[in-house]
Amino acid sequence: MRPHFHVAGFPVRLHPLFFVVSLMTGWTLISEPARLALWVGIVFVSVLLHELGHALAFRRYGCPAQIELHGMGGTTQTHDAAHLTHHQSAFVSFAGPGIGFLAGGLIWGLSQLVPLGEPGGLADQGVRQFLWVNIGWGLFNLLPMQPLDGGHLLADLVRARSGYRHERAVLGVGIATAVVVLGLAIWSKQLWMGMLAMVLGVMNLEQLRRMPKRRPAERRFTLPRAVRKPQTAPAGAISIEQLMDELRGTPRSPGAADADDDLEGPHDPALVGEMLLDNGLPELAVGSLQSAFTQAPLPRTGHALVLALLHTGRLQELASLLDSSHARQLSEDTLALISEHAGTAREATLTERITALRHGRTPATDEPR
């Protein structure tokens, strides 16, 4: 889908729910339209600045990125994240809150040097709101709960040091943090903070519940030191691409020594995508499901990807999926779902692609079976 505008060369899409939620978070200012409008403008600029920090960090490592502002805040996506090491990914996670801290510090310093309006006035309140959104929200975003930046940051640092052996512990930290934040929210009567903590806690709990306690013995593996690339990654950092190569059975170099780390396997993007889809966040689910279906084109993952594309109206990407080599892995139920939508929306292109795909699956009557 086409972006609504560009910032620093990055395409940006803006969902109407972003402004709806922004208005709801500033509902106490409903009797003062000017202050409410100022609040919405500050939230818009601050969230966009936060996502721009992630996008610039991706660009630093050669990954093109796109930004989307939606009801849950914002998301910065790239299709090349698999090439990042854990330390690089951790830097990307911190870059969003980091640029907010920098902007907040500059505004605070400026307000100390130059009076920005009368105390209690519109300009003074604007400075306070800007500091709250960029520093207050930034600190909250660094709490170790996924999918907050702090949760990703903790996971990347743990993986850089110990591999993927502690995925369950990382999620456990997120759940414990959510419980503490929920308790503080109840004590301080902060409705929004409590609701957000509860949602994040449930998401981490659901992800933990769906994660196998232990992989079957035949799927366990050790990571040979030969696959490390010291010239491009810090010591101890293993990129997702290298781990996926190991899972796909990349031969080891003769005589390569096994590392002491006994890994459980990489984080499953299919689980993340399905979890986001189940929680009503199809916009966030698309990227993970596309990555998962590309790596392992399973019918279940394909069905979830199709659902996410249909919910978000990304029909052009759906058409490209039907043209791809992985389209044959889509189940008949999935094709029926697409056909039903195509008939309702009068999408002749999708109907033609599905017909061609089904025809390719059905052998001719004069062919041997």
**Asked** Would you pick out the residues in the range 162-182 that are farther than 11 Å from GLN146 by Cα and not charged (D, E, K, R)?
**Response** SER162, GLY163, TYR164, HIS166, ALA169, ALA176, VAL179, VAL180, VAL181, LEU182
**Complete:** Given (1) within 29 Å of LEU122 (Cα to Cα); (2) surrounded by fewer than 21 Cβ atoms within 10 Å (Cβ to Cβ); (3) not aliphatic (A, V, I, L, M), HIS6 misses just (1)
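Open to solvent by 20 Å² or more (accessible area, probe 1.4 Å), within 19 Å of PHE10 (Cα to Cα), hydrophobic (A, V, I, L, M, F, W, C) and in contact (Cβ under 8 Å) with a residue 60 or more places away in the chain, is that true of LEU49?
Yes, satisfied.
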**Request:** Within the range 5-32, work out how many residues are more than 19 Å from the chain's Cα centre (by Cα) and more than 18 Å from MET72 (Cα to Cα).
**Result:** 10
**Message:** So, SER89, is that one touching a residue at least 12 places away in the same chain (Cβ under 8 Å), over 28 Å from GLY126 (Cβ atoms), open to solvent by less than 60 Å² (accessible area, probe 1.4 Å) and of a type outside the set (Asp, Glu) or not?
**Reply:** yes
**Complete:** Expected output for the range 10-28 (first residue within 17 Å of LEU52 (Cα to Cα), partner open to solvent by less than 80 Å² (accessible area, probe 1.4 Å) and among the small types (Gly, Ala, Ser), Cβ below 9 Å, 6+ apart or cross-chain) is PHE10/ALA55; PHE10/ALA65; PRO11/ALA65; HIS15/GLY71; PHE18/GLY71; PHE18/GLY73; PHE18/GLY74
**Message:** Criterion first (surrounded by fewer than 19 Cβ atoms within 10 Å (Cβ to Cβ), basic (Lys, Arg) and modelled with pLDDT under 85) does ARG128 satisfy it?
**Reply:** no
**Asked** Restricting the first residue to the range 351-366 and requiring it to be closer than 14 Å to HIS326 by Cα, which pairs with a second residue that is among the polar types (S, T, N, Q) and at pLDDT 75 or above meet a Cβ separation below 7 Å and a spacing of at least six or different chains?
**Response** ILE354/SER339
**So VAL40, is it part of a helix (DSSP H, G or I) and open to solvent by 60 Å² or more (accessible area, probe 1.4 Å)** = no
**Request:** Return a yes/no flag: does the range 91-109 have any residue that is at pLDDT 90 or above, touching a strand residue (DSSP E or B) at 6+ places or on another chain (Cβ under 7 Å) and in a helix (DSSP H, G or I).
**Result:** no
**Asked** Can you tell me which of ALA356, ALA345 is over 24 Å from the mean Cα position of the chain (by Cα), open to solvent by 40 Å² or more (accessible area, probe 1.4 Å), modelled with pLDDT of 75 or more and over 30 Å from ALA81 (Cβ atoms)?
**Response** ALA356
**Request:** Determine which member of the set ALA81, ALA95 is over 23 Å from LEU131 (Cβ atoms), of a type in the set (A, V, I, L, M, F, W, C) and in contact (Cβ under 8 Å) with a residue 24 or more places away in the chain.
**Result:** ALA81
**Request:** Specify which of the listed residues (ALA292, ALA319) is in contact with a Pro (Cβ under 7 Å, 6 or more places away or on another chain), closer than 25 Å to ASP80 by Cα, at pLDDT 80 or above and not acidic (Asp, Glu).
**Result:** ALA292
**Prompt:** Which condition does ILE238 not pass, out of (1) within 26 Å of ALA292 (Cβ to Cβ); (2) touching a Ser or Thr at 6+ places or on another chain (Cβ under 9 Å); (3) in a helix (DSSP H, G or I); (4) at pLDDT below 90, if it passes all the others?
**Reply:** (3)
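The values are calculated or read from the model by the stated rules, or taken from the named source; none is laboratory data. As the structure is a computational prediction, the values presented were derived from the model and not from experiment. Using ideal geometry, Cβ is built from the backbone for each residue, glycine included, and neighbour counts are taken over all protein chains shown. For accessibility, only protein heavy atoms count, side chains too; no ligands or nucleic acids. Shrake-Rupley method; radii C 1.70, N 1.55, O 1.52, S 1.80 Å.
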